[in-house]
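What follows is a single structure, written as C-alpha cells, with notes after it.
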Amino acid sequence: MASSGQRPEHGIHPELLYHVHLRFFLLSSRMIDIQTRMAGRALELLYLPRNKPCYLLDIGCGTGLSGGYLSDEGHYWVGLDISPAMLDEAVDREVEGDLLLGDMGQGIPFKPGTFDGCISISAVQWLCNANKKSENPAKRLYCFFASLFSVLVRGSRAVLQLYPENSEQLELITTQAIRAGFSGGMVVDYPNSAKAKKFYLCLFSGPSTFIPQGLSEKQGKDEPMESMFTNESAEGGTFEGRGIRGHQTQREVCHGFTLLRRAMVRKSRAWVLEKKERHRRQGREVRPDTRYTGRKRKPRF
C-alpha cells in the first residue's frame with residue numbers, strides 16, 4: 001500500500017484541488033468509468049433489499065457521478081462534499097439527489113436513523129492529513145465515524161472506498177471506526193494487481209456479519225457488478241476479508257449463506273426492462289416497452 005510519488009492529499013486542500021482540476025474530472029472518460037464502476041461495487045457491498053428504493057448518503061459526492069449511478073438503480077440520495085465548484089457542476093448536470101456543502105471531518109448534520117446506507121468513493125483518506133495546525137486527523141476521523149454511525153438506520157451498512165497510504169493509516173481509520181461503534185472489515189478487490197487493486201471498508205451499524213470476498217483476476221470482466229445473499233445452503237462456501245476487530249485476516253466457513261451473482265449485464269435489454277419496471281412500481285412515467293427497447297444503435301457520424 002505504499003504510495004509512489006506525491007499523493008494529492010499531501011499537496012493541497014481538497015476544496016482547492018478539485019476546483020483546479022475540475023475540467024479533468026469532467027472530460028476524462030476513464031475517470032468517469034472508474035468512478036461509476038467503484039460506485040457500482042460499493043452499492044453491491046451495501047447488500048440492500050432488492051427492488052426496494054432506499055435513502056442513501058454519498059460522502060464526497062463531487063459532481064454527482066456516484067449519485068447518478070444510485071439514481072439509475074432506483075435509489076434516492078443526498079450528497080455531501082467540501083468543494084463548491086464540484087457541487088455547482090453537479091447542479092448544472094441536474095443530478096436527481098440533494099446536495100449539501102460541508103466538511104465530513106466536522107460531522108454529518110442529519111437526524112439519527114436518517115439513511116438506509118452510505119457509500120463514499122475516494123474521500124475518507126483525506127481526513128488522515130491535517131490541512132491546518134488546529135486539525136487533528138484522529139479527532140476528525142472519530143467525529144466523522146461517530147456522526148455516520150448516528151445517521152444510519154441500525155443494521156444498515158456503510159461502504160467506503162479509499163486509497164490507504166500505508167498500514168499505519170489504515171490502522172488509524174479502522175481504530176476510529178471501532179471507537180464510534182462500527183464493526184466490519186476490509187474487502188480488497190484484485191489484490192495482486194498494481195492498477196486495479198481497490199480497498200472497500202465495509203462497516204456494519206448493527207450485529208457483525210460475514211464480509212464478502214473480494215474480486216480477483218480470475219473472474220471475467222463482464223461478470224455482473226451486483227450480488228445478493230440468500231438463505232440457501234452452500235457447503236464449503238467461504239467469505240474472506242480483513243476484519244476490523246482483531247486487525248487480522250479471517251477465513252470463515254458459511255453454511256447458511258451463499259453469494260449469488262445476477263447474470264445481467266448493465267445497459268442490456270434485460271437490464272433496461274427491469275429498470276423500467278422498477279420505475280413503474282415507483283409511480284414514475286415510463287415509455288411503453290417495444291421490440292426496440294434496449295437495442296444497441298449504430299454510431300452516427
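Check the stretch 143-155 and report whether any residue there is in contact (Cβ under 8 Å) with a residue 12 or more places away in the chain, open to solvent by 10 Å² or more (accessible area, probe 1.4 Å) and at positive phi. Yes, the stretch 143-155 contains a residue that is in contact (Cβ under 8 Å) with a residue 12 or more places away in the chain, open to solvent by 10 Å² or more (accessible area, probe 1.4 Å) and at positive phi. Considering the conditions (1) polar (S, T, N, Q); (2) without any contact (Cβ under 8 Å) to a residue 40 or more places away in the chain; (3) outside any loop (DSSP other than H, G, I, E, B), S134 is excluded by exactly one of them, (3).
Name the single residue, out of those in the stretch 158-193 being open to solvent by 20 Å² or more (accessible area, probe 1.4 Å) and in contact with a Phe, Trp or Tyr (Cβ under 8 Å, 6 or more places away or on another chain), that is farthest from G206 (Cα to Cα).
The residue in question is Y163.
Does V153 fit the bill of being in contact with a Gly (Cβ under 7 Å, 6 or more places away or on another chain) and either within 26 Å of T114 (Cβ to Cβ) or not in a helix (DSSP H, G or I) (or both)? Spelling it out, V153 is indeed in contact with a Gly (Cβ under 7 Å, 6 or more places away or on another chain) and either within 26 Å of T114 (Cβ to Cβ) or not in a helix (DSSP H, G or I) (or both).
The values are calculated or read from the model by the stated rules, or taken from the named source; none is laboratory data. What you are looking at is a predicted structure, and each value in this text was computed from that prediction instead of being measured. Note that we place each Cβ from the backbone using ideal geometry, even for glycine, and neighbour counts take in every protein chain shown. Quick note on the areas: whole protein, heavy atoms, side chains included, nothing else; ligands and nucleic acids left out. Shrake-Rupley method; radii C 1.70, N 1.55, O 1.52, S 1.80 Å.
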